[in-house]
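**Student:** Here it is: the structure, laid out below.
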Amino acid sequence: MRARILSMLCVLLLLLGSCSADKAGDGSAYQVYFAAPLPDGEITDPIQGPAVLWETRRLPQGADVLHGLVECLLSGPVSAGLRSPFPDGVYQVSAPTLTDGVCEVDLSEHYGGLSGADLTVADYCIALTLCQVEGVEAVSILVEGVPISYRDHQLLRESDAVLSSAEDEPVYLSADLYLLRKDGGLAVEHRELLVPSGSTPEEVLLRALLSAPETQDLTPPLSDQVRIIDLWVNDSGTCYVNFDAAFLDSRPPSASQARLTLYAIVNTLCQLPNVDAVFLLVEGESISDYGGVATDVPLEPNPDLVVS
């Protein structure tokens, strides 16, 4: 696995905190994100401070929340000191849809004129706003039904972004996620993952593995009810992953399925140079087996389970 550093002239987005779970259409208030104002005069140095700011907007009782929030975004801010990152005239081609945790937003051709830092800021104003809605784990933004080809990734998640000064260059991991094929075996999905300040590569990899895949017909290895309590790597290269009780409650019915689930986790984590094996815990306690597969010793990667 490679690690590479990407930087931009303007301040990039870093992690902003967890999504809230406001109910759809109940008149709740939402944080709607817009671009921070640009300084006056010629810009000769990297801009300092946040790239995006938010204002509170409230939707009418019974409104379609996803559609309403996108309309709030495209209509521009009502607060002084914020600016719209969206081109004039951009509109929704169709109402947003939510499928398997991914909210798909289809915008008019005007949006396709954005690129570089301008596209990044506009994308994440939409993503951060919509990720507050219950059930939205990621956002996909299309232009007239087609993804923008020059984006480095098409699924935008809240966890992709942090607020940092330009002096803090964001670090990305180029990694392979081992996911379950619907017809059996494991498949590899390549992703570029941001490592937010204060997070470890192990945490970033595992959380990405458990999120919605970008590839059709692939599924994450665990139920979305499973929570990671903590994880750490010892000096011998064993990564300890401590799940909550839902890890056992949602185990697959057969040993063959359980094996794929386990090695999706193991293969993903063991690509890190400091991880040679994975030992699983549940609520801090070791488990003798998982769905009939022995787990009382650290598990080493098994590339033979990957179906090309």
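**Student:** Please work out which residue is nearest to Glu104 (Cα to Cα), limiting yourself to the range 199-221 and to residues that are small (Gly, Ala, Ser) and modelled with pLDDT of 85 or more.
**Tutor:** Applying the filter and picking the extreme gives Ser211.
**Student:** Looking at this structure, is Leu9 assigned to a loop (DSSP other than H, G, I, E, B) and modelled with pLDDT under 90?
**Tutor:** yes
**Student:** Right, next: Of everything in the range 295-308 that's surrounded by 11 or more Cβ atoms within 10 Å (Cβ to Cβ) and aliphatic (A, V, I, L, M), which residue is nearest to Leu262 (Cα to Cα)?
**Tutor:** Ranking the qualifying residues of the range 295-308, first place goes to Leu299.
**Student:** Also, quick follow-up: Report yes if Leu280 is outside the structural domain of His153 (by TED's automatic domain parsing) and at pLDDT below 95, otherwise no.
**Tutor:** no
**Student:** Looking at the range 263-271, can you tell me whether even one residue there is surrounded by fewer than 18 Cβ atoms within 10 Å (Cβ to Cβ), within 22 Å of Val102 (Cα to Cα) and outside the structural domain of Leu155 (by TED's automatic domain parsing)?
**Tutor:** no
**Student:** Quick one: would you say Asp224 is acidic (Asp, Glu) and either modelled with pLDDT of 90 or more or more than 25 Å from the chain's Cα centre (by Cα) (or both)? So that I can check it myself, show each step before the final result.
**Tutor:** On the way: acidic (Asp, Glu): yes; either modelled with pLDDT of 90 or more or more than 25 Å from the chain's Cα centre (by Cα) (or both): no.
Considered against the rule, which asks whether it is acidic (Asp, Glu) and either modelled with pLDDT of 90 or more or more than 25 Å from the chain's Cα centre (by Cα) (or both), Asp224 comes out as no.
**Student:** Going through the range 173-219 one residue at a time, which ones are among the polar types (S, T, N, Q), over 25 Å from Asp304 (Cβ atoms) and in a strand (DSSP E or B)?
**Tutor:** none
**Student:** For the range 86-138, give me the residue count where each residue is out of contact with any helix residue (DSSP H, G or I) (no Cβ under 9 Å at 6 or more places or on another chain), within 16 Å of Glu214 (Cβ to Cβ) and at pLDDT below 95.
**Tutor:** 5
**Student:** Is it the case that Val293 is in contact (Cβ under 8 Å) with a residue 24 or more places away in the chain, within 25 Å of the chain's Cα centre (by Cα) and at negative phi?
**Tutor:** Judged against the criteria, Val293 is not a match.
**Student:** Now for a different question. When residues of the range 245-271 are filtered for being under 21 Å from Gln225 (Cβ atoms) and not in a helix (DSSP H, G or I), how many remain?
**Tutor:** The number of residues fulfilling the criteria is 6.
The values are calculated or read from the model by the stated rules, or taken from the named source; none is laboratory data. Since the model is a prediction, treat every value here as computed from it, not as a measurement. Reconstructed Cβ throughout: ideal geometry from the backbone, glycine too, with neighbour counts over all protein chains shown.
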